[in-house]
């Protein structure tokens, strides 16, 4: 699909993306690169990194792949330093590394719970912590250049509750809290904007294949307000908006990109039955004596 943004909207910027070698993270890498940014992607699998970098370079995008685990502070520091050494600067950090699997609460071990929190929430903070010294270029009273940008990939699971996702719900709730706290502190002190994106179900991603088998997706169609699944492109466009000057006054917000799915509830009554009931109530209201509340009919 054609981007609504100008091709040079991120010209001269350098972005580091964790989990940027596959799925949603890779699409963000592609779109950042197509819009002028140089891209460094961080991941644990060298073969995935090499394939992603090759694909990015084939599009004319400056790209490097750096092995590392966001759970390890030494890896985070090394990758940040390598990015700056290679490209000379760091402007945008996207925290997209995540872990997930379906499991009932009674079958989830404390270690499994801890692992997902380590990747999603602790990993997000660790990357932010190590990138800070390069992102805080200016800030109020500290120079003329503005600070960098952080985007944290979240989810909507914890806005209500989700079956078999207690570990991820807890982790993403922490990510949202990190986003708000850093937006307050680092936005004030260093002019760094920190925002999040909460994707809904996105086609052709590992998450969909692992967490929502085809029959589940088909059965849930009625609950989706727009009656369709999202695409990786949709999340990348939201990331472009938040990372560019188009979103220069947005800070501390997690943008939900799910077609309104998080608002959905099962339809307990068919629409036609509701219409019939409402017509009965309307007729009673018209027949009520003047001044008599319809609630007493």
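Can you classify the stretch 3-157 as rounded, prolate or oblate using the Cα gyration tensor, where a ≥ b ≥ c are the square roots of its eigenvalues, rounded means a/c under 1.5, and otherwise it's prolate if a/b beats b/c and oblate if not? Prolate shape, in that a/c is at least 1.5 and a/b is the bigger ratio.
Shown here are the Rg and Dmax of the Cα trace of the stretch 14-266, at 17.6, 56 Å. Shape index of the stretch 65-144: Rg/Rh, with Rg the Cα radius of gyration and Rh the Kirkwood radius from the inverse mean 1/r over Cα pairs, equals 1.11.
Each value in this text was obtained by applying a stated rule to the coordinates, not by laboratory testing. None of the values given here were measured: they were computed from a predicted structure.
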